[in-house]
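Comments concern the structure below.
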Amino acid sequence: MSLLVVGSIAYDTIETPTTKVEDSLGGSALYFSAAASLFSPVNVVGVVGSDFDASKISFLKKRGVNLDGLYMESGKTFRWGGRYFDDMNRRETLFTYLNVFERFQPVIPEHYKKSEFVFLANIDPELQLDVLNQINNPKLIVLDTMNFWISGKRKELEEVLKVVDIIVLNDEEAKELTGEMGLIKATKAIPAMGPKSVIVKKGEHGAMLYHENEFFFVPAFPLDSVVDPTGAGDSFAGGFMGYLAKTGQIDQATLKKAMVYGSTIASFNVEDFSFNRLENLTMKEIKERVKIFKKMTFF
Ligand code: AMP
């Protein structure tokens, strides 16, 4: 089934305790697409500047990512810089240059409007609402957000929450959104705001799904070393939604499997910078890791 993503396309500067990479390809829409396209075709909506080198995303085209909704504006592409602390679990933002993203008004191409699965990546909730107003009655809407919008655009975020099916956020964001100090209480409080289901990402501690009053937990894959955690959340969402779009189902059992696929793809993503790992990832590798997940959690 068709899958639409609206989000950022970026040049990232990443500092880890051992390495610094400048202007590497990133952004929520691209991490999502690189992951989801392993399972299903993806329609992308986003904006880049005239400095953008489109040849670097040709691998996405080959994997069935439709870039008709990728607009090029005069000016510079969005840039984000982040530095990871020694444990690689925490990071600080060094800079955010919105550039062409500042004036971004997403226009959904006509042939995208019937997309059945929609991922609203972490962008201004006003733009997320605007996207929803342009599309026809999708089967599933998933939304990502961050502290910046929870505190800065709360009213707009509350509006968009009323119409989405699933929200994906991290533990700090769940607490800030609900004002609850405990993670379980916070998670349980979210459905009253609109989303029927909640996915909480907990970094190296995996992710949990709260759906129809039931919790489901997936660990993070135990990796000896993480090279670059950037895009873990978006590649998780891409694996999760790509799997759902492939099956066309959104029942409890399929959502649980999709959580495992999300976690699997995110675990590959963090093994290298930018798209170096996802670019050549094969279904054989994915299936092998899913098998290990099963062994790790079955009793
Ligand atoms: P994640 O590690 O999953 O949180 O995603 C990191 C990606 O989000 C990076 O590639 C950044 O370019 C992008 N990003 C960072 N800050 C923002 C922002 N304020 N709006 C949109 N995208 C962002």
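Some notes on this structure:
Rundown of residues vs (1) crowded, with 20+ Cβ neighbours inside 10 Å; (2) at pLDDT 95 or above; (3) among the small types (Gly, Ala, Ser); (4) over 20 Å from the mean Cα position of the chain (by Cα), yes/no style:
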| position | (1), (2), (3), (4) |
| --- | --- |
| Asp86 | no, no, no, yes |
| Arg90 | no, no, no, no |
| Ile108 | yes, yes, no, no |
| His111 | no, yes, no, yes |
| Gln134 | no, yes, no, yes |
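- Taken over the range 26-56, the criterion of being surrounded by fewer than 22 Cβ atoms within 10 Å (Cβ to Cβ) and over 26 Å from Asp130 (Cα atoms) is satisfied by Asp51, Asp53, Ala54, Ser55, Lys56.
- For the range 175-216, a residue qualifies if it is of a type in the set (S, T, N, Q) and either surrounded by 17 or more Cβ atoms within 10 Å (Cβ to Cβ) or not in a loop (DSSP other than H, G, I, E, B) (or both), and the qualifying residues are Thr178, Thr187, Ser197.
- Cβ-Cβ under 8 Å pairs, at least 6 apart or on other chains, the range 123-150 side under 18 Å from Val44 (Cβ atoms) and among the β-branched types (Val, Ile, Thr), far side away from the ligand (no atom under 13 Å from the Cβ) and in a helix (DSSP H, G or I): Ile135/Tyr112; Ile141/Leu132; Val142/Met241
- When the range 65-92 is limited to residues that are more than 13 Å from the ligand (Cβ to nearest atom) and among the aliphatic types (A, V, I, L, M), the one that is farthest from Asp51 (Cα to Cα) turns out to be Val65.
- Check on Asp12, of a type outside the set (Val, Ile, Thr), within 15 Å of the ligand (Cβ to nearest atom) and surrounded by fewer than 21 Cβ atoms within 10 Å (Cβ to Cβ): no
- The residues on offer are Phe299, Phe293, and the sole one that is in a loop (DSSP other than H, G, I, E, B), farther than 30 Å from Thr13 by Cβ and more than 18 Å from the chain's Cα centre (by Cα) is Phe299.
- With a requirement of 2 or more residues that are of a type in the set (S, T, N, Q) and more than 25 Å from Thr230 (Cα to Cα), the helices (runs of 4 or more DSSP H) lying completely within the range 82-167 that satisfy it span 125-134.
The values are calculated or read from the model by the stated rules, or taken from the named source; none is laboratory data. Only a predicted model underlies this, so the values are computations on that prediction, with no experimental measurement involved. Note that each Cβ is placed from the backbone with ideal geometry, even for glycine, and that neighbours are counted across all protein chains shown.
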